[in-house]
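The values are calculated or read from the model by the stated rules, or taken from the named source; none is laboratory data. Predicted model only: the values in this text are computed from it and were never measured. Positions of Cβ are generated from backbone atoms using ideal geometry, with glycine treated the same way; all protein chains shown enter the neighbour counts.
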Amino acid sequence: MPSFADLVRSHTDLEPADVAWLQLLQADWQIIADLSFADLVLWLPDRQGSGYWAAAQMRPTTGPTAYVDDIVGTFVPTGRRPMLDTAYSQGRLVREGDPEWRDDVPVRVETIPVRHAGRVIAVIARNTNLLGVRTPSRLELSYLQSAAELTQMIAAGHFPSPGQRSDHADTARVGDGFLRVDAAGRVVYASPNALSVYRRLGVSGDLAGLSLADLTRDLVPPRRRPDEETLSVVLGARAHADTEIGNDQVTLVLRSIPLRPTGELIGGLILLRDVTDLRRRDRELVTKDATIREIHHRVKNNLQTVAALLRLQARRIDSASAKSALEEAVRRVGSIAIVHEILSQAVEEHVPFDEIADRLGAMVTDVSALAGQVRVRRDGSFGELPSETANALAMVLTEILQNAVEHGYPPAEVPEEPQVTGEIVVRVRRLVGRMHLTVDDDGRGLPEGFDLDESTNLGLSIVRTLVESELGGQLELTAAPGGGTRAVVDVPLE
Ligand SMILES: Nc1ncnc2c1ncn2[C@@H]1O[C@H](COP(=O)(O)OP(=O)(O)O)[C@@H](O)[C@H]1O
Ligand SMILES: [Mg+2]
């Protein structure tokens, strides 16, 4: 289906300001479709004047559709639907007595010229499926009257109202609650849903005849309502505007549409929707996020305490191998703490891993005997990773980097010998659904006859288990092209 913009560009000569007007109209025309119980189709005149293109369509949510199929992109030549021609050329609403029959469905059609800056720029066809029409109730009469006034405003160029667009997700629809007020802001009609919303706000009697602004001011504490000016404008339906009000029990969004069919303000419509549950869920999500972040923060603090205790213990031990085992444990705990620290600052359960990788690199080189001689450089970006992946990957990277520092660059045996220097390159590529990571060092390389599958030391066992089981990926350890060692980690990402 071609888009509105495509159709405008390929078939019409509309100016940017006209296009903007038509887009503003589409932001609001759901209201008219709902109030009319009818399908709306926006027809744009062809550049050559040979006919009209259906550029947009809106179905009612309050009644049956007159168009089962989408008709956007359809062309109707001039003369085929005289009602379109009349509305366009004479600039007036056209209404015919007899229904059209479409696949055994009687459809009443009316056409409405869309006027902007004094010219007719398009035509709206309003199609009512007459099978859905019952003996009109007060609600239906009230809807239809308002729809008629809004269509008059479109024909006169008073609708849409420039300024506020109200097609956001929690905006109120006609079916959520509909109120009609007169020019003095007194309620003329309230739909049953609107009445229920006001009952929840604390009204016991009827709304008819009451000033909506005065009534609402009494029900809503000052901190839960907009400033006095906005309140009286919205609740008096004197401008096209949105606002949100509430008390301890209920939160509602309100949307006002002034009615000026002949230019003079005769009153307006107010749509309202109870969004109490929506707002409660929003608040719960916010506190849940904050709680999760706080937990990560505490886990990090606890891990740092554990690391400090192990470090203390390592200092008091004489056995060199026990000392180094404890120091390794300190490092492992430290790398998990870094992940939790980053998670405690993350907005979602996703972490930007580059920062973690860089800090791990710094941690591993700083504490080694080679501090300042070996450096870690990152090439490419890890991007965002889910927290579980980040945890496992942080451990993997720590072990690999640690091995490069520890086994790649042995400390000089005689202090006078020239000091070793080296560079470890962490290269990462995010491919579709995968992440490919290589860590190259330019040290002395793997021992003769080294076989990853035979190696039983703890460090690489941890790495292999995490890569293969936790991350579902593959690990390889080979000679780096430029001498030294290359570790390759390839893992799938969702
Ligand atoms: N980058 C590297 N350069 C040289 N040798 C390495 C490298 N990475 C791993 N090795 C070899 O693999 C062995 C096993 O590593 P690991 O399982 O981490 O145990 P550990 O580091 O405690 O010795 C190391 O002892 C070392 O011989
Ligand atoms: Mg190791």
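What number of residues in the range 266-305 are of a type in the set (Val, Ile, Thr), at pLDDT below 85 and surrounded by fewer than 13 Cβ atoms within 10 Å (Cβ to Cβ)?
Qualifying residue count, the range 266-305: 3.
Tell me, yes or no, whether the range 361-369 has at least one residue that is within 21 Å of residue 292 (Cβ to Cβ), loosely packed, with under 15 Cβ neighbours inside 10 Å and of a type in the set (D, E, K, R).
Within the range 361-369, none of the residues are within 21 Å of residue 292 (Cβ to Cβ), loosely packed, with under 15 Cβ neighbours inside 10 Å and of a type in the set (D, E, K, R).
For the range 323-339, how many residues are over 22 Å from residue 387 (Cα atoms), aliphatic (A, V, I, L, M) and in contact with a helix residue (DSSP H, G or I) (Cβ under 8 Å, 6 or more places away or on another chain)?
1
Okay, residues lined up against (1) under 29 Å from residue 264 (Cβ atoms); (2) acidic (Asp, Glu):
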residue	(1), (2)
178	yes, no
187	yes, no
191	yes, no
194	yes, no
199	no, no
206	yes, yes
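Does residue 33 meet the test of being under 37 Å from the mean Cα position of the chain (by Cα), within 17 Å of residue 148 (Cα to Cα) and not polar (S, T, N, Q)?
It is true that residue 33 is under 37 Å from the mean Cα position of the chain (by Cα), within 17 Å of residue 148 (Cα to Cα) and not polar (S, T, N, Q).
What pairs come out if I take residues in the range 222-242 that are surrounded by fewer than 16 Cβ atoms within 10 Å (Cβ to Cβ) and pair them with residues that are small (Gly, Ala, Ser) whose C-beta lies under 6 Å away, six or more apart or interchain?
224/246
List the number of the failed condition for residue 78; all other conditions in (1) crowded, with 17+ Cβ neighbours inside 10 Å; (2) in contact (Cβ under 8 Å) with a residue 40 or more places away in the chain; (3) among the hydroxyl-bearing types (Ser, Thr, Tyr) hold.
Residue 78 satisfies all of (1) crowded, with 17+ Cβ neighbours inside 10 Å; (2) in contact (Cβ under 8 Å) with a residue 40 or more places away in the chain; (3) among the hydroxyl-bearing types (Ser, Thr, Tyr) except (2).
What pairs can you find where one residue is in the range 398-409 and touching a residue at least 40 places away in the same chain (Cβ under 8 Å), the other is of a type in the set (A, V, I, L, M, F, W, C) and within 6 Å of ligand 1 (Cβ to nearest atom), and their Cβ atoms are less than 8 Å apart, with a gap of 6+ or different chains?
Once the first residue is touching a residue at least 40 places away in the same chain (Cβ under 8 Å) and sits in the range 398-409, its partners that are of a type in the set (A, V, I, L, M, F, W, C) and within 6 Å of ligand 1 (Cβ to nearest atom) give 399/460; 403/460.
Taking interchain pairs and intrachain pairs at least six residues apart, which have beta carbon atoms under 6 angstrom, with the first residue in the range 60-74 and in a loop (DSSP other than H, G, I, E, B) and the second charged (D, E, K, R)?
Going by the 6 Å Cβ cut-off, the qualifying pairs are 60/34; 61/34; 62/34; 65/39; 65/59; 66/39; 67/39.
Collect the residues in the range 452-476 that are within 12 Å of ligand 1 (Cβ to nearest atom), within 24 Å of residue 324 (Cα to Cα) and either of a type outside the set (D, E, K, R) or loosely packed, with under 13 Cβ neighbours inside 10 Å (or both), keeping them in residue-number order.
The answer is 452, 454, 455, 456, 457, 458, 459, 460, 461, 462, 463, 465.
Of the residues 139, 144, 131, which single one is farther than 30 Å from residue 182 by Cα, within 40 Å of the chain's Cα centre (by Cα), part of a helix (DSSP H, G or I) and touching a residue at least 40 places away in the same chain (Cβ under 8 Å)?
Only one candidate passes the filter, namely 131.
Taking the condition among the β-branched types (Val, Ile, Thr), crowded, with 17+ Cβ neighbours inside 10 Å, in contact with a Lys or Arg (Cβ under 6 Å, 6 or more places away or on another chain) and modelled with pLDDT under 95, does residue 253 pass?
So residue 253 fits the description; yes.
Could you please find all residues in the range 366-409 being of a type in the set (A, V, I, L, M), out of contact with any Phe, Trp or Tyr (no Cβ under 9 Å at 6 or more places or on another chain) and either more than 16 Å from ligand 1 (Cβ to nearest atom) or on the phi > 0 side of the Ramachandran plot (or both)?
Once the filter is applied, which keeps residues that are of a type in the set (A, V, I, L, M), out of contact with any Phe, Trp or Tyr (no Cβ under 9 Å at 6 or more places or on another chain) and either more than 16 Å from ligand 1 (Cβ to nearest atom) or on the phi > 0 side of the Ramachandran plot (or both), the range 366-409 yields 371, 392.
Restrict the check to the range 346-353 and report whether at least one residue is under 33 Å from the mean Cα position of the chain (by Cα), assigned to a helix (DSSP H, G or I) and in contact (Cβ under 8 Å) with a residue 12 or more places away in the chain.
yes
Considering only the range 464-484, state which residues are of a type in the set (D, E, K, R) and over 25 Å from residue 444 (Cα atoms).
Once the filter is applied, which keeps residues that are of a type in the set (D, E, K, R) and over 25 Å from residue 444 (Cα atoms), the range 464-484 yields 468, 470.
Conditions tested, residue by residue: (1) farther than 20 Å from residue 28 by Cα; (2) not acidic (Asp, Glu).
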{"residue": "104", "(1), (2)": "yes, no"}
{"residue": "107", "(1), (2)": "yes, yes"}
{"residue": "113", "(1), (2)": "no, yes"}
{"residue": "116", "(1), (2)": "no, yes"}
{"residue": "123", "(1), (2)": "no, yes"}
{"residue": "128", "(1), (2)": "no, yes"}
{"residue": "140", "(1), (2)": "no, no"}
{"residue": "157", "(1), (2)": "no, yes"}
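Could you tell me how many of the residues in the range 81-101 are without any contact (Cβ under 8 Å) to a residue 60 or more places away in the chain and out of contact with any strand residue (DSSP E or B) (no Cβ under 6 Å at 6 or more places or on another chain)?
Qualifying residue count for the region: 9.
Checking the structure you have, find out if any residue of the range 38-55 is out of contact with any Leu (no Cβ under 7 Å at 6 or more places or on another chain), over 22 Å from residue 19 (Cβ atoms) and not in a loop (DSSP other than H, G, I, E, B).
The answer is yes; a qualifying residue exists.
Out of (1) modelled with pLDDT under 90; (2) farther than 30 Å from residue 153 by Cα; (3) among the small types (Gly, Ala, Ser), what's the single condition that is false for residue 246?
With respect to (1) modelled with pLDDT under 90; (2) farther than 30 Å from residue 153 by Cα; (3) among the small types (Gly, Ala, Ser), residue 246 is out only on (1).
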